[in-house]
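Here the structure comes first, spelled out in structure tokens, and everything after it is commentary.
Values in this text are rule-based calculations from the coordinates and carry no lab data. Treat the numbers as computed from the prediction; the structure is a model and nothing was measured. In this analysis, Cβ positions are derived from the backbone assuming ideal geometry, glycine residues included, and neighbour counts consider all displayed protein chains.
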Amino acid sequence: MTPSSEPGEQQTPDPSPAGYGFVGTGEITAAIVEGLSAGVADPPAVFLSPRGREVGRALADRFPNVRVCPSNQDVLDNATSIVLAVRPQIAHEVVEELTFRPHHVVISAVAGVPLERLRDWTAPAGRVVRSIPLPQAARRQSLTVLYPDDTVARGLFERVGGILVPGEEATLEAFSAATGTFAAHLDYLATIVSWLADQGVDSEVAAAYVTHIFGQLGQSLTRRTDSLATMTAKHMTPGGLNEQFMADLRREGTPEAARRALDRLLARLRG
């Protein structure tokens, strides 16, 4: 995929941010802040929202570059690069109480809120970018999808991993839907753990075994040179256990059920 921007998107000159401000202090904010700060010789200044005050205080206690602000507006007053990371259900309520200025670059991590609406909410902010940061930002291993391409957003997310820029906003929504599969994947692993426990395996031993084998599989995925289809074939032998299990799940309609669920997520995000 190639970087893309909309006509007129970069008309405002890049500001020189003193640091990053975060409105909303949940898991994603905590991960990004840790990635920006842990083991970094010269970390940027970070200004945190009072929302999630317990999380913010814990981060401020760990990292001297982090400060919890008394209000969300104080975050905006201290930083030009603003990460909006609140739940979609309350995003408008939070943003409408804030005063943005033309020098602000707003980097939204709010799922399902399109650029047009974000620009209206945050006017007269100079630029607005959508992003999908991942919890792996804490280890500087997030592959963050962002749209449109933007130097300030790149500067942030390249500090905590890599970036991917789709050619259009609609594609970002598809990536967002894909991230909605995390809990189901973990629930699948929990089902295997539970099944092992039903066979008499100690539950902690079962959990350690399952997390180990799938953790190792995950590491092999990050180093893959083959397609996923090729890797699938390499994990099966004709008439073997893996082939039987996959065939059973396919016969039960698991792949089609997953596709239908993803379609519903995408419709919700684009709705």
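Expressed in Å, the radius of gyration and Dmax of the Cα atoms of segment 182-270 are 15.4, 46.
As a ratio to 2.2 N^0.38 Å, the alpha-carbon radius of gyration for segment 43-140 is 1.06.
Each label point was placed 7 Å from the Cα along the Cα-to-Cβ direction; for L164 and E97 their separation is 3.5 nm. In plain terms, the chain is cut at each of the GluC sites (Glu not before Pro) found in a DSSP loop with at most 15 other Cβ atoms within 10 Å, and the longest leftover piece is 10-95. Diagonalising the gyration tensor over the Cα atoms of the chain and scaling each eigenvalue by 5 before taking the square root yields semi-axes of 38, 22, 17 Å, largest first.
Each label point was placed 7 Å from the Cα along the Cα-to-Cβ direction; for R268 and L217 their separation is 2.5 nm.
For the residues S227, S194, S81, a GNM of the chain with alpha-carbon springs under 10 Å puts the largest fluctuation on S227. Entry note, the chain: relative contact order of 17 percent, from Cα contacts under 8 Å with a spacing of 6+ residues. Semi-axis lengths, largest first, of the ellipsoid equivalent to segment 94-183 are 22, 15, 12 Å, with √(5λ) applied to each eigenvalue of the Cα gyration tensor. When the trypsin sites (Lys or Arg not before Pro) in segment 149-242 are filtered for DSSP coil states and for at most 14 other beta-carbon atoms within 10 Å of their beta-carbon, the remaining sites are R223, R224.
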